[in-house]
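Worksheet: one structure, shown below.
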Amino acid sequence: MAEYDYDLFVIGAGSGGTRAARVAAAHGARVAVAEEYRVGGTCVIRGCVPKKLLVYGAHFAEDLKDAQRFGWKVPDAPEFDWKCLTTNVFAEVDRINQAYTTTIGNAGGEIIHQRATVSGPNEVTLADGTKKTASTILIAVGAHPVVPECPGHEHGITSNEAFHLDAVPRRILIAGAGYIANEFAGIFHQLGSHVILMNRSKEILRGYDLQIRDRLLQISMMKGLEFRFDATFQGIERGEDGCLTVSMSNHEPVTVDTVMFATGRLPNTRGLGLESAGVEVDELGAIKVDADNRSTCPSIYAVGDVTNRIQLTPIAIREGQAFADNLYGGKATRVDYDCVPSAVFSHPPIGAVGMTEAEARQKLGSVRVYSSDFRPMKNVLANRDERALYKMVCDGETDRVVGIHMIGPDCPEIIQAAAVAVKAGLTKAQFDACVALHPTMAEELVLLK
Ligand code: NDP
């Protein structure tokens, strides 16, 4: 009889856990996956997927306006049905949730629809009290939104609840100015809300290239979004009419219908029983792992947001794949975290890969920067006064392209392809050697002066 119930017990069926479970099972391991909520995790159920669908839905507001300049007769005030959009989005989420579930099952993994916690180096305890043993445990439980401490914070929502609002709020205050804040600010603004973004610091999208985020800020303000910087919560009060009045430092109070917190995400390690196996976490609660995803307990590994390396779905998937290939497939693999492309699905969106200009100047000293600041053809005909900005950062010594940063229509689609070239270490001369594809926006990348 086998020493343990399973070769691998995965806690969490999000992007990382599902990939690890499926690949390990395909390599022949006896695998179980415990999931307390829905298979698919944050990305599928309440993150990237439904958010992107809302972004598409919201963008029709601009498209319908622009369509008139392209000869289409559109009613002056086209009607929007939030219930229709969210119902269709949830149906798509259900479809992917089912596909993930089937994938694990088809590979031979067993799904246990319960919360599991660690109760020893080789043991987990399920919510119903059952204990299961495994030679290896993989923790892939993700992260949760942070809600800042302030009186009345319970009146606010997070991105988890944003998808389930009964209606589009007339006025919404979004706290934070990172990915989630800017993406939902764009969505709600397009859908007709008056949006106020409030951030503790003086900037939006810390970490992105300065000129690119400044462009987003300018365009957002031009569209009517309001910003409150250097602002920390003092309190949120609900009035008799149901409205919320938010008091903050350095600014007058504002009254809105909804307050949404988008102030970062922290690993879901609380109450997970990690101390029972000697699994160490850092000051933010993230599981400490080595380059092979192994924690401080030799039989316990962790992948994805719970390790707080780069909080992106494709990273969790690669970590899950590498873990399973290493342990069960006999393939030594490590995730390469260099040159990971990223995007903010704001209106307009941002795409980036590699070093920002500031990082490159600090790390390389000699840097050459090329840029193109242009009005996309479609915006010109649409009379839309919204300029795109592309920046290429090159090593001044070698001519190697070390970063590309862009804001404008379809940038996330363009940056994925450009990232291949940056990752491959191509030079500016090699970009220029490629003939432009005209007329596109992406052709600017090979025409930069
Ligand atoms: P981000 O880290 O992007 O932004 C957090 C924002 O909240 C910042 O503006 C930060 O201010 C502010 N903030 C942080 N802590 C506090 C606090 N205690 N009180 C007040 N303000 C605070 O987090 P998000 O929540 O937007 O997203 C979480 C993660 O999810 C991201 O890091 C990203 O990796 C991932 N994600 C990726 C997406 C994508 O790829 N398109 C989309 C959505 C999420 P400041 O930095 O100015 O000090």
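The values are calculated or read from the model by the stated rules, or taken from the named source; none is laboratory data. Small disclaimer: the values here were computed from a predicted structure and weren't measured. Cβ placement follows ideal geometry from the backbone for every residue including glycine, while neighbour counts extend to all protein chains displayed. Quick note on the areas: whole protein, heavy atoms, side chains included, nothing else; ligands and nucleic acids left out. Shrake-Rupley method; radii C 1.70, N 1.55, O 1.52, S 1.80 Å.
Here residue 216 passes the criteria (1) open to solvent by less than 10 Å² (accessible area, probe 1.4 Å); (2) on the phi > 0 side of the Ramachandran plot except the one numbered (2). Please indicate, with yes or no, whether at least one residue in segment 414-428 is assigned to a strand (DSSP E or B) and crowded, with 22+ Cβ neighbours inside 10 Å. The answer is no, given that none of the residues of segment 414-428 is assigned to a strand (DSSP E or B) and crowded, with 22+ Cβ neighbours inside 10 Å. One residue alone among 44, 23, 31 is closer than 23 Å to residue 131 by Cα and buried (at least 21 other Cβ atoms within 10 Å of the Cβ), and that residue is 31.
Regarding residue 69, is this residue assigned to a helix (DSSP H, G or I), in contact (Cβ under 8 Å) with a residue 40 or more places away in the chain, open to solvent by 50 Å² or more (accessible area, probe 1.4 Å) and over 30 Å from residue 347 (Cα atoms)? If you could, list the steps in order and put the result at the bottom.
Values: assigned to a helix (DSSP H, G or I): yes; in contact (Cβ under 8 Å) with a residue 40 or more places away in the chain: yes; open to solvent by 50 Å² or more (accessible area, probe 1.4 Å): yes; over 30 Å from residue 347 (Cα atoms): no.
Answer is no for this residue.
Matching residues to (1) over 16 Å from residue 55 (Cβ atoms); (2) away from the ligand (no atom under 15 Å from the Cβ); (3) of a type in the set (A, V, I, L, M, F, W, C); (4) touching a helix residue (DSSP H, G or I) at 6+ places or on another chain (Cβ under 6 Å):
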position	(1), (2), (3), (4)
164	yes, yes, no, no
182	no, no, no, no
196	yes, no, yes, no
225	no, no, yes, yes
242	yes, yes, no, no
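Do we find that residue 309 is in contact with a helix residue (DSSP H, G or I) (Cβ under 9 Å, 6 or more places away or on another chain), of a type in the set (D, E, K, R), more than 21 Å from residue 109 (Cα to Cα) and within 16 Å of the ligand (Cβ to nearest atom) in this structure? Quick ask: steps written out before the conclusion?
Numbers: in contact with a helix residue (DSSP H, G or I) (Cβ under 9 Å, 6 or more places away or on another chain): yes; of a type in the set (D, E, K, R): yes; more than 21 Å from residue 109 (Cα to Cα): yes; within 16 Å of the ligand (Cβ to nearest atom): yes.
Judged against the criteria, residue 309 is a match.
Does residue 81 satisfy the criteria of being modelled with pLDDT under 95 and among the charged types (D, E, K, R)? So residue 81 does not fit the description; no.
Among the residues of segment 196-213, those identified as of a type in the set (A, V, I, L, M, F, W, C) and either within 23 Å of residue 249 (Cβ to Cβ) or open to solvent by 30 Å² or more (accessible area, probe 1.4 Å) (or both) are 196, 197, 198, 204, 205, 210. Taking the numbered list (1) buried (at least 21 other Cβ atoms within 10 Å of the Cβ); (2) within 16 Å of the ligand (Cβ to nearest atom); (3) not β-branched (Val, Ile, Thr) in turn, residue 322 passes all entries but (2).
Residues of segment 230-245 being of a type in the set (A, V, I, L, M, F, W, C), assigned to a strand (DSSP E or B) and over 29 Å from the mean Cα position of the chain (by Cα), which ones?
none
For beta carbons closer than 6 Å, sequence separation of 6+ or different chains, a first residue in segment 131-152 that is closer than 18 Å to residue 38 by Cα and a second that is assigned to a strand (DSSP E or B) and within 15 Å of the ligand (Cβ to nearest atom), the qualifying pairs are 143/265; 143/266; 143/267; 145/158; 145/265.
For residues in segment 1-27 being β-branched (Val, Ile, Thr) and within 23 Å of the chain's Cα centre (by Cα), which is farthest from residue 326 (Cα to Cα)? Don't jump to the end; show me each part of the working.
First pass over segment 1-27, keeping only residues β-branched (Val, Ile, Thr): 10-11, 18, 23.
Checking which are within 23 Å of the chain's Cα centre (by Cα) leaves us with 10-11, 18.
Details: 10: 16, 11: 19, 18: 16 Å.
Only one residue tops the list, namely 11.
Considering segment 136-153, and only residues there that are open to solvent by less than 50 Å² (accessible area, probe 1.4 Å) and not in a loop (DSSP other than H, G, I, E, B), the residue that is farthest from residue 299 (Cα to Cα) turns out to be 145.
When residues in segment 253-306 are screened for being open to solvent by 60 Å² or more (accessible area, probe 1.4 Å) and within 13 Å of the ligand (Cβ to nearest atom), 1 of them pass.
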